[in-house]
Amino acid sequence: MKILITGGAGFIGSSLAVALKRRRAGTDVVCLDNLYRRGSELNLPRLRQAGVQFVRGNVRFAESFPPGPFDFVVDCAAEPSVLAGHDGSPDYLFRANLVGAYNCLEKTRAWQARLIFLSTSRVYPIARLEAHPWQEEGNRFVWKEGDTKGISSRGVSEEVDMEGARSLYGFTKYAAEQLIGEYRAAYGLQAIIDRCGVIAGPWQFGKVDQGVVALWVMAHHFGRPLFYIGYGGTGKQVRDFLHIDDLCELLCDQVQYFEAWQGWLGNVAGGYTNSASLCELTALCRDIMDREVRISSRLETRPSDLRIFIGDCSQLFERTTWRPQRILKDIVQDTADWVSRYDKELCTGLLIGS
């Protein structure tokens, strides 16, 4: 079996490549990446040690793909920032996420391969989520029971009305989902679409707009200040978190049992029990790492931000015995151990100060 992973030097792509080689030693795994995201080059020795082939290329350009054929294409490539395009041109965002998805589809079709597409929970319309009734409790915001279709105490399900704006990033991923649907209808393409929530853990290079657990852990480790941004600057906005190893276990299952998953589109998230506010995440980092950092407030809410997002995985759990095995404490601990181990590499220019 031959598997191509696009975005293969990124956080999810590289972790999946290593997991696939560990689980399926005889499988040829090739990672395609343009090394655009700072820090991704740290993953290249890790891929080599795992026996994964790396090809420098760009999903925006079909000619830069390896020749193939492949049995599977796992599309992990993306410009993942929800703020992308707000401070300048959206050109890279659209070409990476939408043109890139088109090129992956065309390669999948030409190779008669199967596709696993990593989408995002940010495909859900912002105004609909923000309009759902909420209240402030202790150290977090909490959704109240209401009549918004697809939002309940379990979180956001696939039943939410999809009409409305969802950020430029969310639009590109949602448009790619729709394009996959068209390829299914027109060409009989076989595909799985995973709407991933906040994925976290070792080998994530966190920034303000993406990778909040890694950002928080590294700030505590290196003594760098943090900010609670928006919603009054209290740090009470909430997300759920899924450990990268849990995600990779599910993706490996989807490769192995593809026929049972064929046609799937749905949420893959940590869920309510693995949710936390920013100030709760701060407390957890302080307790695990025994360090405190200065945290300031910025009152203005950023474009496309959300007060609360928790993914409801009821549909996922109805079709599989897979469940997240690692709680948020495990995610923070594993990330902190990784940062300590690679302290020198992280501190000498790749991330700190970026």
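The values are calculated or read from the model by the stated rules, or taken from the named source; none is laboratory data. Note that the structure is predicted; figures quoted are calculated from it, not measured. Ideal geometry is used to build each Cβ from the backbone, glycine not excepted, and the neighbour counts take in all protein chains shown.
Yes or no, residue by residue, for (1) touching a Gly at 6+ places or on another chain (Cβ under 6 Å); (2) among the small types (Gly, Ala, Ser); (3) buried (at least 22 other Cβ atoms within 10 Å of the Cβ); (4) on the phi > 0 side of the Ramachandran plot:
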| site | (1), (2), (3), (4) |
| --- | --- |
| ASN34 | no, no, no, no |
| ARG48 | no, no, no, no |
| GLY68 | no, yes, no, yes |
| ASP75 | no, no, yes, no |
| PRO80 | no, no, yes, no |
#### Entry: Where GLU345 falls short, out of the listed (1) in a loop (DSSP other than H, G, I, E, B); (2) at pLDDT below 95
(1)
### Task
Kindly indicate whether GLU79 is farther than 18 Å from GLY201 by Cβ and either of a type in the set (S, T, N, Q) or at pLDDT below 95 (or both).
yes
### Message
Being out of contact with any strand residue (DSSP E or B) (no Cβ under 6 Å at 6 or more places or on another chain), modelled with pLDDT of 95 or more and not in a loop (DSSP other than H, G, I, E, B) is true for just one of ASN58, ASN97. Which residue is that?
### Response
ASN97
### The listed residue being in contact with a helix residue (DSSP H, G or I) (Cβ under 9 Å, 6 or more places away or on another chain), under 21 Å from TRP203 (Cβ atoms) and either hydroxyl-bearing (Ser, Thr, Tyr) or in contact (Cβ under 8 Å) with a residue 40 or more places away in the chain (or both), out of PHE54, PHE70
PHE54
### Task
Of all residues in segment 155-185, count the ones that are in contact with a helix residue (DSSP H, G or I) (Cβ under 9 Å, 6 or more places away or on another chain), farther than 17 Å from LEU306 by Cα and among the basic types (Lys, Arg).
1
### Message
Considering only residues that are surrounded by 14 or more Cβ atoms within 10 Å (Cβ to Cβ), part of a loop (DSSP other than H, G, I, E, B) and either out of contact with any Ser or Thr (no Cβ under 8 Å at 6 or more places or on another chain) or at pLDDT below 95 (or both), which ones fall in segment 304-321?
### Response
SER304, ASP305, LEU306, ARG307, CYS313, THR320
### Query
Which is over 16 Å from LYS21 (Cβ atoms) and under 22 Å from the mean Cα position of the chain (by Cα), of GLY88, GLY39?
GLY39
### Message
Could you check segment 112-128 and list, in sequence order, the residues that are surrounded by 16 or more Cβ atoms within 10 Å (Cβ to Cβ) and more than 21 Å from ALA78 (Cβ to Cβ)?
### Response
ARG128
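Table: residues versus (1) among the hydroxyl-bearing types (Ser, Thr, Tyr); (2) touching a strand residue (DSSP E or B) at 6+ places or on another chain (Cβ under 8 Å); (3) at pLDDT 95 or above; (4) on the phi > 0 side of the Ramachandran plot.
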residue	(1), (2), (3), (4)
TRP134	no, yes, yes, no
ARG140	no, yes, yes, no
THR148	yes, no, no, no
GLY164	no, no, yes, yes
### Task
Please indicate, with yes or no, whether at least one residue in segment 153-167 is surrounded by fewer than 18 Cβ atoms within 10 Å (Cβ to Cβ), hydroxyl-bearing (Ser, Thr, Tyr), part of a loop (DSSP other than H, G, I, E, B) and without any contact (Cβ under 8 Å) to a residue 24 or more places away in the chain.
no
### Query
So which residues in segment 195-210 are surrounded by 22 or more Cβ atoms within 10 Å (Cβ to Cβ) and in a loop (DSSP other than H, G, I, E, B)?
GLY197, GLY201, GLN204
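Which of the residues that make up segment 4-27 are part of a strand (DSSP E or B) and hydroxyl-bearing (Ser, Thr, Tyr)?
Listed by number, the list holds a single entry, THR6.
Take the residues of segment 172-194 that are assigned to a helix (DSSP H, G or I) and free of Cβ contacts under 8 Å to residues at least 40 places away in the same chain: which is nearest to TRP264 (Cα to Cα)?
GLY181
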